[in-house]
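A.B. asks: Here it is, the structure, as structure tokens.
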Amino acid sequence: MLHHLASLLRVEITIVLSYLWASLRGKLFGALTPDERSALHRKNARRFVRTASKLKGANVKLGQFASMQAHLLPREYIEELKVLRDAVRPTEYGQIAALIQAELGEGPEALFASFDQRPIAAASMAQVHVAKLKSGEKVVVKVLHPGLERSVAIDMALLRLLFRGLKSLFKRVDLALILRESEEPLRRELDLTLEAEATEHLGGELAALGVVVPKVHWELSSRRVLTLEFIEGVNVDKVAQLELWKVDRGALAGKLIRAFMHQVFVAGTFHADPHPGNTFCTPDGKLALLDFGMVKQLPEHVRQGLLKELFGSFFNHPKLYVDGLIEKGSLGESDRAVVEERARVAFADPALRALMFDHRLESKGAADSVVGLLRDLTDLPTFRTPSDNLMFLRALGIVIDVCKELAPEASPSQIASPVLAPILSEFIAKHPQYFGAASAA
């Protein structure tokens, strides 16, 4: 435990000091050249990747999320952090076999006809081995890393200390609430029976959309071991392989957005970690979703509020947007007029729309404007940190960035438009007042 804590603090302090030294050096001897700054970014990114890969847990989750933020982070960080999407340092097979025996009563050799000792993937919380059932069916066996509960507890304790230190800087934002919303789905991943239940539930929801979700083998599963049907395919960011299979990448991106919107606004429960490591394409071009360890269920008022907020911003309808903020509990009625006016200006700005909906940074001014809008919102008297939607915003951001990688020739908003159209039609039928002649569009 002390070693884990020391490793985290060491890499964090080293990265911070390296940038402080670069800043001081710039004042004394002149700013870093572009090549020097690029080398510093890459060196620090690799430092974090090495430490996160070794410690696993929440650190890899943080790196995976950061790797999708191409509109915010330097290119060098994006390139290096992508490593964390697919693999971290695996746990030795002897420990994995011992854990399987402790959980299921027998070791891998007795339970399976064959069991590959080398994992095909080692991620933040678990690693995955290919095996074959005695019936001949090919499966994957997901096994939590030993000691993971302690690792996550340390990571979350450090985050609590960090957020406590930042509390005085963000007085209007409930950082404790944000941390709780982040921690709850992360802790769910420590119990693979919850993932099995979510896999079956969302598999049933998504089957009608043609989305592939693996079957659960309950007889070979427990809290720390999960046996699933093997899905043939590749991560959706393996563009070269998709080209060989002649996959329509734009259509695949549309399927991903449609599946996400269906989960959020129809099922009410969604895959909260749809990064490329969990998003597959089969050889025949079908979308497959894997790893339902991190899921989120939305209360009805939050779901309806988010729907209004999304449509209000996407279709430049300030009243609808503010109604959504109020319904989900993040704004009071007395601040409506000022937010509607700010929204009217923001949603009409092409540069701001490009950043918000396509994660395309056209100018530094656009980024500054978005930050300013968020700051103005949190400074309003009635603002409250919205509950139960942090994971939606995070997952939506990941989906947008996956679509950008999958089909860079088309903007995510262009891909989303035909997907949103039928959802919008149903919404208009239920709420004609927003789009009638008398509505304030």
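A.B. asks: If you scan the stretch 387-434, which residues turn out to be in a loop (DSSP other than H, G, I, E, B) and under 22 Å from Leu355 (Cα atoms)? First the steps, then the outcome.
C.D. replies: Pass one, the stretch 387-434, residues in a loop (DSSP other than H, G, I, E, B): 387-389, 407-411, 431.
Matches in the stretch 387-434: Asn389, Ala407, Pro408, Glu409, Ala410, Ser411.
A.B. asks: Further, regarding this structure: Looking only at the stretch 223-236, which residues are surrounded by fewer than 20 Cβ atoms within 10 Å (Cβ to Cβ) and out of contact with any Phe, Trp or Tyr (no Cβ under 7 Å at 6 or more places or on another chain)?
C.D. replies: Arg223, Glu229, Phe230, Glu232
A.B. asks: Counting just the residues of the stretch 112-130 that are out of contact with any strand residue (DSSP E or B) (no Cβ under 7 Å at 6 or more places or on another chain) and surrounded by fewer than 17 Cβ atoms within 10 Å (Cβ to Cβ), which one comes out nearest to Glu219 (Cα to Cα)?
C.D. replies: So the residue we want is Gln117.
A.B. asks: Also, I was wondering about something else. Can you name the condition, by its number, that Phe314 falls short on among (1) outside the structural domain of Phe427 (by TED's automatic domain parsing); (2) in contact (Cβ under 8 Å) with a residue 24 or more places away in the chain; (3) surrounded by fewer than 21 Cβ atoms within 10 Å (Cβ to Cβ)?
C.D. replies: The one condition Phe314 does not meet is (1).
A.B. asks: Could you grab me the full set of residues in the stretch 225-256 that are in a strand (DSSP E or B) and not charged (D, E, K, R)? Explain how you work it out, then say what you get.
C.D. replies: Initially, the stretch 225-256 is screened for residues in a strand (DSSP E or B), giving 225-229, 234-235.
Of everything in the stretch 225-256, those that are in a strand (DSSP E or B) and not charged (D, E, K, R) turn out to be Val225, Leu226, Thr227, Leu228, Val234, Asn235.
A.B. asks: Which of the following residues is under 24 Å from His275 (Cβ atoms) and without any contact (Cβ under 8 Å) to a residue 12 or more places away in the chain: Leu393, Leu355?
C.D. replies: Values: Leu355 fails: without any contact (Cβ under 8 Å) to a residue 12 or more places away in the chain.
The conditions single out Leu393.
A.B. asks: Quick one: Val338 ticks every box in (1) surrounded by 13 or more Cβ atoms within 10 Å (Cβ to Cβ); (2) closer than 21 Å to Ser413 by Cβ bar one, so which box is it?
C.D. replies: (2)
A.B. asks: Here is a further query. Please report, ordered by residue number, the helices (runs of 4 or more DSSP H) entirely within the stretch 97-211 with at least 3 residues that are at pLDDT 95 or above. Even if it seems obvious, please write down each step before you answer.
C.D. replies: Working: elements: 108-111, 148-166, 175-188, 192-206.
The helices (runs of 4 or more DSSP H) meeting that bar are 108-111, 192-206.
A.B. asks: Which condition does Ser425 not pass, out of (1) modelled with pLDDT of 85 or more; (2) within 22 Å of the chain's Cα centre (by Cα); (3) small (Gly, Ala, Ser), if it passes all the others?
C.D. replies: Answer for Ser425: the failing condition is (2).
A.B. asks: While we're here: What is the residue count in the stretch 317-335 for residues that are out of contact with any Lys or Arg (no Cβ under 7 Å at 6 or more places or on another chain), buried (at least 17 other Cβ atoms within 10 Å of the Cβ) and part of a loop (DSSP other than H, G, I, E, B)?
C.D. replies: Of the residues in the stretch 317-335, 3 are out of contact with any Lys or Arg (no Cβ under 7 Å at 6 or more places or on another chain), buried (at least 17 other Cβ atoms within 10 Å of the Cβ) and part of a loop (DSSP other than H, G, I, E, B).
The values are calculated or read from the model by the stated rules, or taken from the named source; none is laboratory data. Everything numeric in this text was worked out from a predicted model, so none of it was measured. Quick reminder, even Gly has a Cβ in these numbers, built from the backbone with ideal geometry, and neighbours come from all protein chains shown.
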